[in-house]
1. Tell me, what is the percent relative contact order of the stretch 15-106, built from C-alpha pairs under 8 Å that lie six or more residues apart?
2. How big is Rg to Rh over the stretch 15-106, alpha-carbon atoms, Rh as the Kirkwood inverse-mean-distance radius?
3. May I ask you to list the lysines whose Cα is less than 28 Å away from that of residue 430, ignoring any residue fewer than eight positions away on the same chain?
4. Å³ per residue of the Cα convex hull, for the stretch 297-375?
5. What residue among 346, 364, 284 has its Cα farthest toward the positive end of the dipole of the chain, where the charges are +1 on Lys, Arg and -1 on Asp, Glu, each on the Cβ?
6. Using every pair of alpha-carbon atoms in the stretch 329-412, split the distances into 5 Å bins beginning at 0 and state the percent of pairs per bin, rounded to integers.
7. Normalise the Cα radius of gyration of the stretch 256-343 by 2.2 N^0.38 Å (N = residues in it) and let me know the number.
8. Could you sort the peptides 87-94, 197-204, 71-78 by per-residue average Cβ neighbour count (10 Å cutoff), highest mean leading?
Amino acid sequence: MTMKTWMAAPKRYFKKEIVPLLADLRLAIALLLAIALFSIAGTVIEQGQSLAFYQANYPEHPALFGFLTWKVLLAAGLDHVYRTWWYLSLLILFGTSLTTCTFSRQLPALRWFSRTWNFYSQPRQFQKFALSAEFQPSANGSAGVAAIADLMPLLKQRRYKIFQDGEKLYAHKGIVGRIGPIVVHVGMLVILLGGMIGAMTGFIAQEIVPSGETFHIKNVTDGGPFANLSVLQDWSVKVDRFWIDYLPSGEIDQFYSTLSVLDKDGQTIDRQTIHVNKPLQYNGVTLYQADWSIAAVRLKLNNSPLLQLPMAKLDSLGGRIWGTFLPLKPDLSDGVSLIARDMQGLLLVYDMQGKLISTVRKGMSVEIHGVKVAIADIIGSTGLQIKADPGIPVVYLGFGLLMVGVVMSYVSHSQIWALQHEGALYVGGKTNRAQVVFEREFLSLLDQLDRQDVEARSSDDQLASV
C-alpha cells in the first residue's frame, strides 16, 4: 500500500461513514431531545446553590425518585448543568450535525437549483411529473402549435425567472423558499454558539445590600472557566434607597431599588430605579431586582442618640420574619425582642419569656419597663442577582435569523420545464409546498396556452380553406 493510498483511506471512511451519520436527521432529533431533556433538568433543579442547600433538599434517605441524592447530583454536575462538559459536548455535536447537514445537503441542493443547465431534453422525462401536458402539432403539419415563445410571456406575467437554451426552457420562482432552511440551520448554529459563549465566559453573582450602602460585586456564585471578572474592578454600586409597595391586602405589589453606579473616584456614572423585570445594565453586567430582606432598625432610647440595631432572618413556619434583641440595661440582664414581618413599619415587642407585650409602628414610641423606645426607621436590604452573559447578543441574532428563515421557508419554490421537440411542446412542473395553489396556476397556464393553440389552429384552417 502506497503512502497516498494509506492517507486516502481515512478520508474515504470519513466521507462515506462519518458524514452521512452526522447528517442523519434521526441523530439530530435525538441530540435535540437530549439537549431539551437536560435543559429541563437544569430548570427544575436549582443551579449554583451551596452544598448545604443540596444536602437539605436532596437527602440520601429517602432519595428523590429512589436514586437522586445530593451526591449523585453533584457528581453528575446537575448543580451547574449548562457548564458541564457533557452538556457542552451535546451542543457541539448537535452543531456539527447541523453544519454537516447544511454543507452536505442544503447547499448542494441550492447550487443545483441555481444552475442554468438543469434542462430536460427528452420527452420521456416529463412523464415523471404529476403535472404535465403536451401540445402536438396539427394533423396537416401547420405551424399553429403552442411554442416556447408563447409560454415565456405567460411565465413572466407570473414572475418566473426564465432560462432558455434553444428549444429547452427552465423557469422557477420562490428560490427564497429553498434558502429558508439554510437560514434556519445557520440561526440554530448561531444560537448554539451564543449559548456556549455565555456558558464559557459568563458569570452569576448575588448580593444582599442594605439601603444606603455601597458595594463591589464580589459574591460570584457561578461562572464559566473564561469569565472576565475584571469588568467588576473599576466601578461600584450604591443602594440609594430600597422600598416596597404593598397592596391593601398586605401582600407585596412591587419592590424597588434606586441604584447609582460609581467610578473609582466615587463619582456617579449612572443612576436608575430598578424593579422586577426592569434591570440596570452597565459595562456588560445586568443587575436584577430579585429579593429583599430587613437589615436593621433605627431607634432611640429616651433621649439617646439614634441607634441602629441589625436584624437577622429567623426560622419560621409561618413565613419570613426578622428579629433583634434590644437591651434595656447595660449588663444585658433585661431586654426585649423586636420582631418584624415586613417593611410596613409594624414591630412586635416580646419580653425575655417570649410573651408579646406591645406593638409599635415606625415614627411612634412605646414605654417598656420604664424606658421610652421610639422607632425611627426600618432599614431594608435589596437582594440583587447580577449576571454577565456575553453570548446574549449572539443568541438574539440567532433567534432573529431563525424567525426570518422560518418565514422564508413558507415561500413556495415552484419550477416549470418545457421542451420543443419534433414540433410538439412538452410542459411539466412541480413545487415543494402549496400544491393546490400551484396546480391552479399550472392549469391556468395550460388553459392560456391551449386557447392560443386553438386560435392559431383556427387561423391556419381558415387560411388553408382560402
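Throughout, read-outs are computed from the coordinates displayed, never taken from laboratory work. As the structure is a prediction and not an experimental result, all values here were calculated from the model. FYI the Cβ positions are ideal-geometry reconstructions off the backbone, even for glycines, and counts take in every protein chain you see.
1. Values: 65 pairs, mean separation 40.3, N = 92.
Computed value for the stretch 15-106: 44 percent relative contact order.
2. Values: Rg = 17.2 Å, Rh = 15.0 Å.
Here Rg/Rh amounts to 1.15.
3. Cα-Cα hits under 28 Å: 128, 156, 161, 168, 173.
4. Values: hull volume 7.7 nm³, N = 79.
Enclosed volume per residue, from the Cα hull, is 97 Å³.
5. Result: 284, furthest along the dipole toward the positive end.
6. In whole percents, the pair-distance histogram is 3, 10, 14, 13, 9, 6, 4, 4, 4, 5, 6, 7, 6, 5, 3, 2, 1, 0.
7. Numbers: Rg = 18.4 Å, N = 88, 2.2 N^0.38 = 12.1 Å.
The value comes to 1.52.
8. Working: 87-94: 16.9, 197-204: 19.6, 71-78: 15.1.
Ranking, from highest mean packing down: 197-204, 87-94, 71-78.
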